[in-house]
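Enquirer: Here's a structure for you.
The numbers here are math on the coordinates, done by the rules we state, and not lab data. As the structure is a computational prediction, the values presented were derived from the model and not from experiment. As a convention, Cβ positions derive from the backbone with ideal geometry for all residues, glycine included, and neighbour counts pool all protein chains shown.
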């Protein structure tokens, strides 16, 4: 009897501990196989974007270069003023000492990654070394192991941050591919998207472009894009959509911030995927319609609303922000705005942007789900 | 022996404060950190 | 006992020959300066749907539980034995023997599980094992030989107990015990070298090619911090398990005399557990500081990165252990007639301990949605935020330790009546020490809170030293103050049944806590077998979620509990005689 009580007591305690381990936030690991993508054809904007994602991800730079005082907070500081100060510092005797200009800054940045102790900013040295030894790990060595292209990308990003035109060479086909390692130490829980379909789903591309059988026509169809453009052009169009506008379409419609939001290799994976698309959309089986969405979130996903509207953090700004719409409009008004979007156009937005065929595509149940959801969406 | 216990208490307090101050000071200085008037960097 | 000896022999064989075979293979490979192997994902053997990592994880953790227990008990067995010689109290000697008795059966199981661990490593991670053999070469052979020596001395130490019990022979016996502990600790230090090498490799070049001696690889940066940490934790753990055994026996026995014996044994074990536990946070602090010094990245991964949430559970577990230990000590005040005088302080101690526990639980940063951040006005709560950061937590843990010690001191005092003339004044000196010490801990915490990071870390050292000063200072003063004191009658066995459950909390929470710490220590390497030297490319190279880890740890703890129940049952079986066979031999 005693025995059973003691065992029961112990087991209950164990289950409590186990329960707590489930109650706390779970950091879901990235279990995907590392992907390697070629950086061939990446232009300078692509390099800057790649550099930023490496800076915040694989490079684990933000672990220390943040506001906590471990290392200079490069993302917040005025780097345009800082770089020249560093080069002119009499304590600095490295490769770019006393020089000026973007190229010298490139050399300085690369040197600080490969040999962090070459120059230690005052106050950031290892304790007791009087700022002669840096606590920073060598970036091209384990455990970070950035390749030459990746370090160039980071350099381009930092040069861009300082308002300079990057001077690093663009990658060529001979360069080692970029492997995306989520950098487990980075506290970056967002899973990496490794397939073109997933990336398109996540960023809502199909809401405007005819992709995945969406039939959307706000942006040009991307089928057969590989025939019309080269890879570098596709990458450029994603990062800087207003650089080239296809005939019959308007500028400033596509969000211009994909260079920042797409993680480095995602951009490259997406480009590869688009290049490989067939010339025409695959024939859809007429009999099989997409299943009815049963929750508001499924509706949003199915019709790609967040691709244009800022919905729960998607930050898209092609259409008006929908958070707090319930305070500004009635349920009927919202319904009308979905079915006949051109009846009323919010200030600062243009007509004919939103598809006007939702009346045909949306089931009544789906419509009432989304209206209810929007009515209750907090500010 | 040792007289009034409250008197002992007060004397002990003073002595311990001195002891702990000495310990804190030597530890902080040993780590190269400031002690004393410029203790508060705010 | 026959069976367990056979098992031990078998396990020793496994340990002896497996490394030797691997060694022969490695000798051929080591002819040229070769880097660490770079197995690809497909090079890791897949056996059915079995998760190799979980198998190795379970075996390693189980081996560690058992090894920690069987290495710790001889340490305090010999200390208790020494006590009996010094005090001339034979009860200590009997208890020391009883400590050993319950370890004997666990010993062979330790070896057996160790063999299982080796086997699972060779099966699932052959490349890693090949590399480790290459680095540590003959040391693995020495380990196996020492293991044999450990078995021999352990059996001699235990079975010669009564033969070498009195007079000069006792010193022979204690010499054997000393040898046993020396060998045991050496074994642990060697195993620690392998583990710490994987975290902070030394004696190899950046490609992993062996350039240094075995000693250089052994003496890697994290070796000694790990040694100290595990040494202290083992003592606390061994004490906690023996305490659980005593508590169970206390509940099971009807005979008041035996009840009294097991109460005393439980009290002593709890004391040993707390003794090992009090310096443990400081050893942990040293280990963490060395991790930071070795690789800032690794340090941040542990404290600020994806593992940060673990420390919430760690706080829950340590808080649970502290509360249980304190509760047990408070209940112990019932054992003496003067205990009631001191019982009135318990509520104040309880407030501080519970308060400290809550502060420790307060998370620093929360994972919040954008809306929640807006409602909260920032990622840190205005009022609770300051409680979440290190200075507050350091203050809390130091105060909890001081209070736990105070609980113990109250009981000890209730069992003695001082006779020296300055007893009251002496007490005031102790009270003053507590007052100033606690004030110092709190003000260092506040100072640390308002200053930059460097100062925060710096200010935690005076806190630790304050805690130790309070403990050591008041023990020293009490030694003199209680010199020639009249012992008060202690009614051993005058304890509630409920208080015994506190003694079960300790081993269960300890076991789970050690499992958790194993998970974090291993996770620090992220996706490396040997940090920065040999990458883990297996399909399971990621850090499992906290919940998944919680499941595995719970399962292993349950398994360990089952083994312990078996071990205790075995040790009682040895003294159970069938009716009618009395004195037949």
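Enquirer: What do you get for Rg/Rh over chain A if you use C-alpha atoms and the Kirkwood form of Rh? It would help to have the intermediate numbers written out before the result.
Expert: Numbers: Rg = 25.6 Å, Rh = 24.2 Å.
Computed over Cα atoms, the ratio is 1.06.
Enquirer: Taking a ≥ b ≥ c as the square roots of the eigenvalues of the Cα gyration tensor of segment C:46-94, is the shape rounded (a/c under 1.5), prolate (a/b larger than b/c) or oblate? Mind showing how you got there, number by number?
Expert: Values: a/c = 9.74, a/b = 6.32, b/c = 1.54.
Prolate is the answer for segment C:46-94, as a/c is 1.5 or above and a/b outweighs b/c.
Enquirer: Kindly list the residues of segment A:141-162 that lie in the label zone of residue A:78, defined by a backbone N under 18 Å from the point 7 Å along the Cα-to-C-beta vector.
Expert: A:159-162
Enquirer: Project the alpha carbons of segment C:391-469 onto their principal axes and report the range along each, largest first, in whole Å.
Expert: Principal axes ranked by extent give 50, 20, 13 Å for the Cα atoms.
Enquirer: Next up: Please tell me the relative contact order of segment A:296-376 in percent, rounded to the nearest whole number, where contacts are Cα pairs under 8 Å and at least six residues apart.
Expert: Values: 80 pairs, mean separation 26.0, N = 81.
Computed over segment A:296-376, the figure is 32 percent.
Enquirer: To continue, here is another question. In whole Å, what is the distance between the alpha-carbon centres of segment C:489-559 and segment A:102-160?
Expert: 38
Enquirer: Which of C:171, C:360 comes first, and how do the rest follow, when ranked by fewest Cβ neighbours within 10 Å?
Expert: Working: C:171 11, C:360 24.
Fewest-to-most ranking of C:171, C:360: C:171, C:360.
Enquirer: Sort C:459-466, C:317-324, A:241-248 for me by packing, meaning the mean count of neighbouring Cβ atoms within 10 Å per residue, highest on top. Write down the numbers at each step before the final one.
Expert: Values: C:459-466: 23.9, C:317-324: 22.1, A:241-248: 11.9.
In decreasing order of mean packing, C:459-466, C:317-324, A:241-248 become C:459-466, C:317-324, A:241-248.
Enquirer: Under 14 Å from a point 7 Å along the Cα-to-Cβ line of residue C:43: which residues of segment C:518-541 have their amide N that close?
Expert: Flagged as within label range: C:529-530, C:533-539.
Enquirer: Something else about it: On average, how many beta carbons from a partner chain sit within 10 Å of the beta carbon of a residue in A:133-140? Walk me through the intermediate numbers first.
Expert: On the way: counts 0, 0, 5, 2, 5, 1, 0, 0.
Averaged over the peptide's residues, the number is 2.
Enquirer: Once you have the Kirkwood Rh of the protein assembly as shown from its Cα pairs, apply Stokes-Einstein at 4 °C and 1.567 mPa s and quote D in µm²/s.
Expert: Details: Rh = 32.9 Å.
Rounded, D is 39 µm²/s.
Enquirer: Inside 10 Å of the C-beta atoms of B:15-24, what's the mean count of C-beta atoms belonging to other chains?
Expert: Shielding by partners across B:15-24 averages 6.
Enquirer: Short version: what are the Cα gyration tensor semi-axes of segment A:196-275, square root of 5 times each eigenvalue, largest first, in whole Å? Walk me through the numbers before you get to the answer.
Expert: On the way: eigenvalues 53, 42, 36 Å².
Largest first, segment A:196-275 gives 16, 15, 13 Å.
Enquirer: For labels at residue C:159 and residue A:361 in the simple 7 Å Cα→Cβ model, what's the distance in nm?
Expert: It is 8.4 nm.
Enquirer: Which values of log₁₀ I(q)/I(0), to two decimal places, follow from the Debye formula for chain C at q = 0.07, 0.12 Å⁻¹ with a uniform point scatterer at every Cα?
Expert: At q = 0.07, 0.12 Å⁻¹ the computed log10 ratios are -0.47, -1.32.
Enquirer: Which of the peptides C:148-155, A:221-228 is most tightly packed, and how do the rest follow, going by the mean number of other Cβ atoms within 10 Å of each residue? Don't skip to the end; give the middle numbers.
Expert: Working: C:148-155: 19.0, A:221-228: 16.0.
Top of the packing list down: C:148-155, A:221-228.
Enquirer: Ok, one more. Once you average over the residues of C:545-552, how many Cβ atoms of partner chains fall within 10 Å of each Cβ?
Expert: Numbers: counts 8, 8, 10, 5, 3, 10, 3, 1.
Across C:545-552, the average partner-chain Cβ count within 10 Å equals 6.
Enquirer: Also, quick follow-up: Order of C:261, C:127 from fewest to most other C-beta atoms within 10 Å?
Expert: C:127, C:261
Enquirer: Evaluate the distance, in nm, between pseudo-label points positioned 7 Å from the Cα of residue A:12 and of residue C:439 along their respective Cα→Cβ axes.
Expert: Output for this residue pair reads 4.5 nm.
Enquirer: What whole-number distance in Å separates the alpha-carbon centres of segment A:211-246 and segment A:317-379?
Expert: Their Cα centres are 27 Å away from one another.
Enquirer: Quick check on packing: order C:330-336, C:288-294 by the mean number of other C-beta atoms within 10 Å, highest mean leading. Walk me through the numbers on the way to the answer.
Expert: Numbers: C:330-336: 21.1, C:288-294: 17.9.
Result, highest mean first: C:330-336, C:288-294.
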